[in-house]
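The next block holds one structure in the form of structure tokens; read it before the comments.
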Amino acid sequence: MKQNKILWVDDEIELLRSHIIFLNEKGYDVETVTNGEDAVSVVRSKNYDLIFLDEMMAGLGGLETLAQIKEINPNIPVVMITKSEEESLMHDAIGSKISDYLIKPVVPSQVLMVCKKILESKKISVEYVAKDYLNDFNEISRKLLNDPDYEDWIEIYLKLVGWDMELDIHPEVDLRQTLSEQWKECNQEFSKFIEKEYRNWLNKPDDLKTPTLSIDVIERYALPQLNNFEGPLFLFVIDCLRLDQWLLMEKLLSVNFNIQKDYYYSILPTATPYARNALFAGLFPSEIEKQYPNLWDSMNDDENSMNKYEKDLLQLLLKRKRISLSNELKYLKIIDPDVGRNFEQNVLSHRKTNFIAVVVNFLDMIAHGRSDSEILKEIAPDESAYRSLTNSWFQHSYLLNTFKTISTIPKAKVIVTTDHGSIRALRGAKVLGDREASANLRFKFGRNLKVDEKHAIFIKNPAEYKLPKRGVTISYIIAKEDYYFVYPTDYNKYLSYYKDSFQHGGISMEEMILPIITMESKA
């Protein structure tokens, strides 16, 4: 095993001989020099893993030596050792990019702790990451054996997402394959759970505890904020937002907002025409069809026209719940950056708006665009890179700047959620159907649909799932886990084309378990 090499620079180095012997006994290779000039000279000719640097030396002082060392090797960690506790000196040293500092007289245990923190922290953290994951792996496995309920599934999902993101930070931990296999097992069991329980949730019997669903989100989270109007309420629905993507966004918003997270389950299919309409209407799709036939009948089956009445549905929800706004409901759909930047520039004009709903389509466009773009596939080949792409966009986006501006509006409240998530589709499922069957990859409706029941839920009676009938002989199929539907015609061509694309509409934790965020400005 390679020894870490340490250079100790001090004009009274003989007084530190016991410290150096102690570090040698702990496995470190320590060299010494007694002045700054010699320190700069040896750093030019040798590689060191860490430097201890005395701040007060004759000749070239500690800060001057530090500056020259950093010019030679800006990445080498330097620990400043000083007799002074003056704050200005610490500012100068920290501004010069020291890794740490110690106040004289130092004791061997202090020095050892600094060495471990700087030189061995990654190794130590890797050991603890592996140990902690093993504990959570076993806990998740136990939960799967004990018939988890919807709250347990949220907890399982949070742990899996947490570990997925933790391994982004520690790529050297060789646990990706293990985690991937556990994800697959959990989504398999989750699909069985949804197939068993979902229809019971729709009917909400009194003796059954049910999760918050798409139809409950606005009533439970937005409307209570409107009853006591003190400032504007902004509702952001970020289309196709996954929990892992939100957690990255949250880090950038936590400076400006106090943030509370809750979770809900999307209705099926987890696709925009169904889930988002249900969210804005507070009704299941079959109920929208029945109560507002004029709206439903004018919707075609493509995603754009199926969601053109969101403001109308939201206004009808407010009317049913007898919510009176102090001024007109505002609604905005951001489908391109120019609209987003214009909203960013004018968001302060909504400081007196009672309620404004904003739909942000960017992430959904990335998910769809990645299927057709080799460049996007190269940039985001897996979930980790997909998160990184989301983070990069958000850091430089109109949306982050909009949130920051909202945080300056007195009494403003913000709710952020989504209509569905997405899953990386990796396995094809052969499906049969007539020509008029819908083209979606994760769900379909039509006549004579056939698919292996291991890969999908078959819905013969749409009313049981509170879905529109669309005709007497129309049935639905909804993909489980990470399957996507492929017709027999040119099967291998389309199997290959859509494999490894991010899709939605089916049954998975990533698509169904969704965040609801309530934010209030720290200002």
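The orientation-averaged shadow of the Cα convex hull for the chain, equal to a quarter of the hull surface, comes to 30.7 nm². Placing R0 at 35 angstrom, the Cβ-Cβ distance between Lys196 and His396 gives a FRET efficiency of 0.20 after rounding to 0.05.
Taking label points 7 Å from Cα along the Cα-to-Cβ direction, Asn146 and Asp132 give a separation of 2.2 nm.
Size descriptors for the stretch 254-364 (Cα atoms only): Rg and Dmax, in that order, 15.5, 46 Å. Placing unit charges on the Cβ atoms of the charged side chains and taking the dipole of the chain about its Cα centre, the candidate lying farthest along the positive direction among Asn258, Tyr484, Pro381 is Tyr484. Annotation note: GluC sites (Glu not before Pro) in the stretch 302-382 located in DSSP loop regions with a Cβ neighbour count of at most 12 within 10 Å are Glu328.
Where in the stretch 122-155 does the label zone of Lys261 land, with the point 7 angstrom along Cα→C-beta and an amide N cut-off under 17 Å? Answer for this model: 151-155.
May I ask you to derive the relative contact order of the stretch 88-225, considering only C-alpha pairs under 8 Å and at least 6 residues apart, and to give it as an integer percent? Relative contact order comes out at 20 percent.
Each residue in Phe234, Phe137, Phe280 was given a count of other beta-carbon atoms within 10 angstrom of its own, and listing them fewest first yields Phe137, Phe234, Phe280. Evaluated at q = 0.17, 0.20 Å⁻¹, the base-10 log of the normalised Debye intensity for the stretch 349-446, with identical point scatterers placed on the Cα atoms, takes the values -0.95, -1.12.
Counting neighbouring Cβ atoms within 10 Å and putting the fewest first, the residues Thr489, Thr353 line up as Thr489, Thr353. The residues packed around Ile323, meaning those with a beta-carbon under 14 Å from its beta-carbon, carry a net charge of +3 if Lys and Arg are +1 and Asp and Glu are -1. Rg and Dmax over the alpha-carbon atoms of the stretch 28-169 stand at 22.3, 73 Å.
For the chain, the 222 nm mean residue ellipticity estimated from helices alone, with every DSSP H stretch of n ≥ 4 adding -39500 (n - 2.57) and the total spread over all residues, rounds to -13500 deg cm²/dmol.
Can you tell me the FRET efficiency between Ile375 and Asp168 if r is taken as the Cβ-Cβ distance and R0 is 30 Å, rounded to the nearest 0.05? Calculated value: 0.85. Indicate, rounded to the nearest 5 percent, the antiparallel portion of the DSSP beta bridges found entirely in the chain. Bridges in the chain that DSSP calls antiparallel: roughly 40 percent. Look at Glu197, Glu453 and count the other Cβ atoms within 10 Å of each Cβ; fewest to most, that gives Glu453, Glu197. Paramagnetic label reach from Ile72 (point 7 Å along Cα→Cβ; backbone nitrogen cut-off under 13 Å): within the stretch 43-59, residues 43-52. Distance between the C-alpha centers of the stretch 393-450 and the stretch 217-272? Whole Å please. When both Cα centres are located, 14 Å separates them.
The relative contact order of the chain comes to 16 percent, based on Cα pairs under 8 Å that sit 6 or more residues apart. Stokes-Einstein diffusion for the stretch 427-499, with the hydrodynamic radius set to the Kirkwood value over Cα pairs and evaluated at 25 °C in a medium of 0.890 mPa s, equals 198 µm²/s. Here, the stretch 122-203 has an Rg and a Dmax of 14.5, 52 Å when only alpha carbons are counted. Available extension along the chain between Lys26 and Ser121 is 32.6 nm, counting 0.36 nm per residue and deducting the alpha carbon span. Near Pro410: Cβ cut-off under 14 Å, other residues only, Lys/Arg at +1 and Asp/Glu at -1. The net charge is +3.
Read the figures in this text as sums done on the coordinates, not as results from a lab. As the structure is a prediction and not an experimental result, all values here were calculated from the model. Here the Cβ is made from the backbone with ideal geometry for all residues, glycine too, and neighbour counts use every protein chain on show.
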